[in-house]
1. Can we say Val78 is touching a residue at least 24 places away in the same chain (Cβ under 8 Å), in contact with a helix residue (DSSP H, G or I) (Cβ under 7 Å, 6 or more places away or on another chain) and within 23 Å of Gly355 (Cα to Cα)?
2. Listed residues Thr402, Thr320, Thr351; which is among the polar types (S, T, N, Q), open to solvent by 10 Å² or more (accessible area, probe 1.4 Å) and within 22 Å of Pro255 (Cα to Cα)?
3. State whether one or more residues within the range 199-217 are open to solvent by 30 Å² or more (accessible area, probe 1.4 Å), polar (S, T, N, Q), more than 21 Å from Pro330 (Cβ to Cβ) and modelled with pLDDT of 95 or more.
4. If Leu254 passes every condition in (1) surrounded by 20 or more Cβ atoms within 10 Å (Cβ to Cβ); (2) not in a loop (DSSP other than H, G, I, E, B) but one, which one does it miss?
5. Kindly evaluate Leu161 against the criterion of being open to solvent by less than 30 Å² (accessible area, probe 1.4 Å) and at pLDDT 95 or above.
6. From the set of residues in the range 185-198 that are among the small types (Gly, Ala, Ser) and out of contact with any Asp or Glu (no Cβ under 9 Å at 6 or more places or on another chain), which is most open to solvent (accessible area, probe 1.4 Å)?
7. Could you list all residues from the range 18-44 that are among the aliphatic types (A, V, I, L, M) and touching a Pro at 6+ places or on another chain (Cβ under 7 Å)?
8. Suppose the filter is open to solvent by less than 20 Å² (accessible area, probe 1.4 Å), at pLDDT 95 or above, touching a Gly at 6+ places or on another chain (Cβ under 7 Å) and hydrophobic (A, V, I, L, M, F, W, C); does Ala137 pass it?
Amino acid sequence: MTRPTVASRLRGRAALDPRDRADAKRGGPDADLTAFAHARGLEPLGSLNPSGYAAALPMEPELQSNVVRGTVGGRDVVLWHWRFPWPLDDDGPLGPWAFYGVVSRYRSSVRSWFTGDDEEQYVGVPCTGVATLTPEAGLLPAFTVRCGPGTRTASRRAVPLGSTGAVLDAERPLPDGVVDALARGPLPAVVRAGARNAFFEVAYRFGTVVLRRNGYVTDERDLDALLRMAVDAGDALAAACRPLARPQPAEQPLPPPGAQPLPPELVPPAAQAGALAALTAHFRLTPEDPRAYTAAFPANPVPGTAFAVLRGALPGLPPTTRLALHTEAPVPRLNTGRTALVLPAGDAAPTPPGGVRLDVPGARLRLAVHGGLWTCSVLRWRPLDLGDVDLLLACGAEQARTTGALPS
């Protein structure tokens, strides 16, 4: 049975601030951010999905609106209005927060008749999200910085973030020194500013930092402040992770897998691992350690976190070529991310931090050149699929020569 969308499991509405009740009742904002975006050189996307941000956005048009993307402070940033799906049970919205204007009806789903378990159900809560790609943090586990009442929902692993009153709640312990470095950097100022709201969180997962707060923010000064806060949070995380990086020239071979086991969220299912092995054998490629790859290229412009890296002379390409599979979600559960050709940048001109879409009919290709790497990637979304590798090879080899990464 196909799992229903999150939007189809909304069972009402609620607000985290009395001033947000009208927005909750309306089910969306009553303002448009197109003029705001254009005035700042950003791209308004409406309810469309921005490429590379599946780790942050809901990726359902019923839950996101006023999506804005562009470069701020040298980072690729996305801001959007978020009809946030807040968990619900038969007693109402979950958690220690105060809720206002609650209208909900929790009910058993058809799926529960077959499985014995109810699907998760939600109420729509007005929020604003802002996120930035932060590849420098690719070696970290997912974590959330919880403020205010949210600290009461933290796990036993949570640790204080300096003197902010907030806690950092990670899936696994962070490497030595990272939490202390975050507490000394600009992140506490971001948390203190955000904590003035009824609800505020900072989270990291799969190379992406995301901030969310209650309400559909429309004041331009507040929107500008949120964008700056996202950049500051990304910069703080990048600085804290700098000691973990082991920069290497793109031409340098990397160690084989196995020196350090991949975390569970990066271990592919058996069928996908088998497809990877077949691809490796077909092209006579050499597997490399994804964690070593992440450490070697901390400014990697491919979104997400690598879980498989293959190196070798692919058709029409030199031995310095890598085929890297990046994910924006737990690999055992979802096949969401991009499969990328990765080359030394050569004479290719840098792109904006988020890359540019390639105009190839029937393809979802993206070119990104940054940090000494040239990358061309294709979207991967089918279960257990490796992406359209044939199309990627054909278009990628041509683009590498057209853009100057390889001699024409």
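The values are calculated or read from the model by the stated rules, or taken from the named source; none is laboratory data. This is a predicted model, so every value here is computed, not measured. Cβ coordinates were reconstructed from backbone atoms using ideal geometry, including for glycine residues, and neighbour counts include every protein chain displayed. Note: areas computed on protein heavy atoms with side chains; ligands, DNA, RNA excluded. Shrake-Rupley method; radii C 1.70, N 1.55, O 1.52, S 1.80 Å.
1. Taking the combined requirement at face value, the residue does not satisfy it.
2. On the way: Thr402 fails: within 22 Å of Pro255 (Cα to Cα); Thr351 fails: within 22 Å of Pro255 (Cα to Cα).
Residue meeting the stated conditions: Thr320.
3. no
4. Result: Leu254 passes all but (2).
5. Yes.
6. Checked the range 185-198; the qualifying residue most open to solvent (accessible area, probe 1.4 Å) is Ala195.
7. The answer is Ala24, Leu33, Ala37.
8. Working: open to solvent by less than 20 Å² (accessible area, probe 1.4 Å): yes; at pLDDT 95 or above: yes; touching a Gly at 6+ places or on another chain (Cβ under 7 Å): yes; hydrophobic (A, V, I, L, M, F, W, C): yes.
Here the answer is yes, as Ala137 does meet what is asked.
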